[in-house]
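What follows is one structure encoded as structure tokens, with my remarks underneath.
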Amino acid sequence: MMQVVLTPPESRRLIARAVAHLPEVKKALKDGIVCIGRGITNGMIVEEINGSFERKKYVAGCIRPHRLCQGLYGETFQEIVFLHGEMKFLPSKEIIKEMGPDDIFIKGANAIDVYGNAGILVAGDGGGTIGGVMGDIYTKGIQLLVPVGLEKLIVGDITELAPHMGKKKVSYSMGMPVGLFPVSGRIITEIEALESFANVIVRHMASGGVCGAEGAVVLSVDGEEKELEKALAKIKSVLNEKSPPIYEHECATCTWKACPWVGKETHY
């Protein structure tokens, strides 16, 4: 048995690497459509598939110190779609019309629970990216992959929590007010990532840390020695991964009108 520690950037890289190498993703890259929504982990997935990629231009909404932030600025990339392996920039709400059960839609999450649900924070009318595609995903049976680290595990049931949320219910928010959009898909955490690389059993045993390990997860990995070696090799390959640079945007110059902090120099 092994016990290992992964920081959030290391977890994201491990998850991204696993998603890019899933058999169904490889098949869709060769024969069909893979649509990858914006996000930090998703930018890493694009990088794993395509090689060099300017990830800082693929960040959507984000949680910054002291505020929820839209994160979409002038230089942000359009959503990325792989059509038979060729990378294109296309709106997800358009390409989803062409997708079917053999195709893959990849969208990160802001929360997961122990019941297999994921939750996505949404600020835009219509539910943002996920709101524009979930009808087709459920109707057509499109495969939805949700790459998300265990740092986002929350207490409670997301399906019970979501009705209590909603930006119109909020009287004060640190940054933009949001709702919580529950989704059911195939969730890929560090557990599923490692178990896809080696015949091991992975258990989440602790979280948190200091000195740069804030948000880290501690995992127990069990299996035969050769399989543990495989898992350890994957873990070592992501160690010292750093968070990508993200565009800094001051509230004073922001134009996102849905946020009460827009145009303000101070917030509290």
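The values are calculated or read from the model by the stated rules, or taken from the named source; none is laboratory data. No experiment lies behind these values; they were computed from the predicted model shown. A quick note on method: Cβ atoms are made from the backbone with ideal geometry, for glycine too, and the neighbour counts reach across all protein chains shown.
Answer with yes or no whether Lys230 is assigned to a helix (DSSP H, G or I), surrounded by 15 or more Cβ atoms within 10 Å (Cβ to Cβ) and not aliphatic (A, V, I, L, M).
So Lys230 passes the test.
Quick check on this structure: which one of Gly108, Gly71 is crowded, with 19+ Cβ neighbours inside 10 Å, modelled with pLDDT of 90 or more and outside any strand (DSSP E or B)? Please lay out each step first, then the result.
Details: Gly71 fails: modelled with pLDDT of 90 or more.
So the residue among Gly108, Gly71 that is crowded, with 19+ Cβ neighbours inside 10 Å, modelled with pLDDT of 90 or more and outside any strand (DSSP E or B) is Gly108.
Output yes when any residue across segment 256-267 is within 27 Å of Leu153 (Cα to Cα), under 25 Å from the mean Cα position of the chain (by Cα) and buried (at least 16 other Cβ atoms within 10 Å of the Cβ), and no when none is.
Taking every residue of segment 256-267 in turn, at least one turns out to be within 27 Å of Leu153 (Cα to Cα), under 25 Å from the mean Cα position of the chain (by Cα) and buried (at least 16 other Cβ atoms within 10 Å of the Cβ).
For the structure I just gave you, tell me whether Ser11 is hydroxyl-bearing (Ser, Thr, Tyr) and modelled with pLDDT under 95.
no
Does Asn117 count as polar (S, T, N, Q), under 29 Å from Gly209 (Cα atoms) and buried (at least 22 other Cβ atoms within 10 Å of the Cβ)?
It is true that Asn117 is polar (S, T, N, Q), under 29 Å from Gly209 (Cα atoms) and buried (at least 22 other Cβ atoms within 10 Å of the Cβ).
Find all pairs meeting these conditions: Cβ atoms under 8 angstrom apart; at least six residues apart or on different chains; first residue within segment 130-151 and in contact (Cβ under 8 Å) with a residue 24 or more places away in the chain and in a loop (DSSP other than H, G, I, E, B); second residue of a type outside the set (D, E, K, R) and surrounded by fewer than 16 Cβ atoms within 10 Å (Cβ to Cβ).
From segment 130-151, the pairs are Gly141/Gly100; Gly141/Pro101; Ile142/Gly100; Ile142/Pro101.
Does segment 7-50 hold any residues that are crowded, with 23+ Cβ neighbours inside 10 Å, outside any helix (DSSP H, G or I) and touching a Leu at 6+ places or on another chain (Cβ under 7 Å), and which are they?
none
For segment 135-151, state whether one or more residues are aliphatic (A, V, I, L, M), more than 24 Å from Leu14 (Cβ to Cβ) and out of contact with any helix residue (DSSP H, G or I) (no Cβ under 9 Å at 6 or more places or on another chain).
No.
Go through Gly116, Gly124 for me and flag whichever is under 30 Å from Pro23 (Cα atoms), assigned to a loop (DSSP other than H, G, I, E, B) and touching a residue at least 60 places away in the same chain (Cβ under 8 Å).
Details: Gly124 fails: under 30 Å from Pro23 (Cα atoms).
Exactly one residue qualifies, and that residue is Gly116.
Within segment 108-131, track down each residue that is among the charged types (D, E, K, R) and touching a helix residue (DSSP H, G or I) at 6+ places or on another chain (Cβ under 6 Å).
Correct list: Asp113 only.
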